[in-house]
Amino acid sequence: MEGNLIIKNAKIVTPLGHKAVRGSEMGKLSILSEAVIVITNGLIDFIGKLKDLPTRYNSQDYQEFDAGGNVALPGFVDSHTHLIFGGFRPDEFEWRLKGDSYMSIMERGGGIQSTVNATKSTPKDDLVKKALWFLKRMSEMGVTTVEAKSGYGLDLETEMKMLEVIELLKTSSENKVNIISTFLGAHAIPPEYKGRTGEYVDLLIKMLPLVKEKADFCDVFCEKNVFELEDSRRLLKTAREQGFGLKLHADEIVSLGGGELSAELDAVSADHLLHVSDEGIKAMAEKGVVATLLPLTAFALKEPYAPARKFIDTGCAVALATDLNPGSCFSGSIPLTIALACIYMNMSIEETITALTLNGAAALRLADKIGSLEKGKRGDVIILGSDNYKVLPYYVGMNCVQTTIISGNIVK
């Protein structure tokens, strides 16, 4: 019966479609009460009313689950995380509370380089164990698919180690969450390449064919004094030629033009975007680049939130993700992400649900497989402890996911 499940008495709430939903369409959800979802071999096989359920499903081949009239949503997609890392950085959090900036901490040897050093010295098995703990917590909050980046190696050996950890997590019997991998060798400039960013980009380009079998996407921290526009462009164009999907950390600290660059290169997503220009928003809307916004990071850094309303009103597709990482955002809290999006980014709960499901899937090129409750898609379903989906931001920072189902298997 593994992967075979009949969910009865559910109130289905879902976006619809096989691609990112843009602009005002993000606020439209399909709602069906007293519904049945049949999952066969991990895929949704039937959705409808109980009276319309074909008799072929009335067999002992299926486990049954009574949703009790509560809301059934598509599984949440956390499309931007730094899940794999060694060590922790609580001291830096205190420094920021005292007024130190993210970039000043980075310049004095903290920040990303601190985690790079810890990750290099952490055995692979220990990295797996730590990530498994996070994945379990994520699944309890309704996450059924997560993106995991490398980027705490900055050399081929450690970047490969991180990608191999992701491969081990994908096949671990202790993990049920689906994982998409991203190569982020361009996360910071190693000390030995200080002042020679172009030479480090040359090295990254040489790494691309070596990591291709283990990574779905190539990402770059496109930022002033890190990887500026021309270096970012050169790396990403080469990655695109080699078949990678493209992502950018864009316009997080200053308005550099990362949004415009993401549109120029037909990137799948541009992420952060706290300081994106109006021109960048317009260009992303025209090219269909998903704007992945990360409110937990803005919250933790005490920075202005990304202009979600402007993105949506301009016709962009907006996704939401946590940005779980050991430095700027040590949190994978979906409940707090939802609350911040609704309270401080002025997104409706309907837009927020779409951003965390179908548009999150689109940010990983998976909208044809997950992100909505429709026949043929993977049986990733979460059941809330309520018949009203509007409790999601109302329970500020509190988890109201009662049951998580991945590929037709109950994991919580």
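Select from the range 309-324 the residues that are closer than 21 Å to ALA267 by Cα and crowded, with 24+ Cβ neighbours inside 10 Å and list them in ascending order. Of everything in the range 309-324, those that are closer than 21 Å to ALA267 by Cα and crowded, with 24+ Cβ neighbours inside 10 Å turn out to be PHE311, ILE312, CYS316, ALA317, VAL318, ALA319, LEU320, ALA321, THR322, ASP323. The C-beta contact set for the range 335-355 (first residue closer than 12 Å to THR322 by Cβ, second residue in a helix (DSSP H, G or I) and open to solvent by 40 Å² or more (accessible area, probe 1.4 Å), distance under 7 angstrom, 6+ apart or interchain) comprises LEU340/PHE299.
Evaluated against (1) touching a strand residue (DSSP E or B) at 6+ places or on another chain (Cβ under 6 Å); (2) open to solvent by 20 Å² or more (accessible area, probe 1.4 Å); (3) of a type outside the set (Ser, Thr, Tyr), PHE93 falls short on exactly one condition, (1). Restricting the first member to the range 117-130 and to residues that are over 11 Å from MET162 (Cα atoms), and the second to residues that are at pLDDT 95 or above, the beta-carbon pairs closer than 6 Å and six or more apart or on different chains are ALA118/GLY86. Residues in the range 194-212 that are among the β-branched types (Val, Ile, Thr) and over 24 Å from the mean Cα position of the chain (by Cα): THR197, VAL201, ILE205. Checked against the criterion of being at positive phi and touching a residue at least 12 places away in the same chain (Cβ under 8 Å), the range 173-195 has no qualifying residue. Considered as a group, the residues in the range 245-267 that are surrounded by fewer than 23 Cβ atoms within 10 Å (Cβ to Cβ) and in contact (Cβ under 8 Å) with a residue 40 or more places away in the chain include one that is nearest to ALA363 (Cα to Cα), and that residue is GLY245.
Per the conditions (1) within 23 Å of GLY69 (Cα to Cα); (2) open to solvent by 30 Å² or more (accessible area, probe 1.4 Å), the sole criterion not satisfied by PRO304 is (1). Considering ALA131, ALA148, the condition of being at pLDDT 95 or above, out of contact with any Lys or Arg (no Cβ under 7 Å at 6 or more places or on another chain), small (Gly, Ala, Ser) and part of a helix (DSSP H, G or I) is satisfied by ALA131 alone.
So which residues in the range 140-179 are farther than 17 Å from GLY87 by Cβ, hydroxyl-bearing (Ser, Thr, Tyr) and under 15 Å from the mean Cα position of the chain (by Cα)? The answer is THR144, THR145. If you check LEU154 against the conditions, is it open to solvent by less than 30 Å² (accessible area, probe 1.4 Å) and in a helix (DSSP H, G or I)? When the stated conditions are applied, LEU154 does not pass them. When ILE179, ILE189 are checked against the criterion of being part of a loop (DSSP other than H, G, I, E, B) and among the β-branched types (Val, Ile, Thr), a single residue qualifies: ILE189. Is it fair to say LEU208 is in contact with a Cys (Cβ under 8 Å, 6 or more places away or on another chain) and of a type outside the set (Val, Ile, Thr)? So LEU208 passes the test.
Residues are listed down the side, and each one gets a yes or a no for (1) over 19 Å from the mean Cα position of the chain (by Cα); (2) within 13 Å of VAL21 (Cα to Cα):
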position	(1), (2)
SER328	no, no
LEU336	no, no
TYR344	yes, no
ILE353	no, yes
THR357	no, yes
ALA367	no, yes
GLY371	no, yes
ILE383	yes, no
SER386	yes, no
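Among the residues of the range 16-61, those that are modelled with pLDDT under 95 and open to solvent by less than 30 Å² (accessible area, probe 1.4 Å) comprise LEU53, TYR57. Annotation: SER331 fulfils all but one of (1) more than 16 Å from PHE76 (Cα to Cα); (2) modelled with pLDDT of 95 or more; (3) open to solvent by 10 Å² or more (accessible area, probe 1.4 Å); (4) among the small types (Gly, Ala, Ser); the unmet one is (1). The requirement of being out of contact with any helix residue (DSSP H, G or I) (no Cβ under 8 Å at 6 or more places or on another chain), closer than 20 Å to THR322 by Cβ and assigned to a helix (DSSP H, G or I) is satisfied by LYS136.
Of the residues making up the range 213-239, just one is over 20 Å from the mean Cα position of the chain (by Cα), closer than 17 Å to SER150 by Cβ and either open to solvent by 80 Å² or more (accessible area, probe 1.4 Å) or among the basic types (Lys, Arg) (or both), namely GLU213.
Each residue in the range 367-395 was checked for being over 12 Å from VAL71 (Cα atoms) and touching a Lys or Arg at 6+ places or on another chain (Cβ under 9 Å), and 8 pass. Residue check: GLN242 meets all listed conditions (1) open to solvent by 50 Å² or more (accessible area, probe 1.4 Å); (2) under 30 Å from PRO335 (Cβ atoms); (3) not basic (Lys, Arg) but one, namely (2).
The values are calculated or read from the model by the stated rules, or taken from the named source; none is laboratory data. Keep in mind that what you see is a predicted model, and the values were worked out from it rather than measured. Glycine gets a Cβ as well: all are built from the backbone with ideal geometry, and neighbour counts include every protein chain shown. Side chains are part of the model used for accessible areas, which takes the heavy atoms of the whole protein and leaves out ligands, DNA and RNA. Shrake-Rupley method; radii C 1.70, N 1.55, O 1.52, S 1.80 Å.
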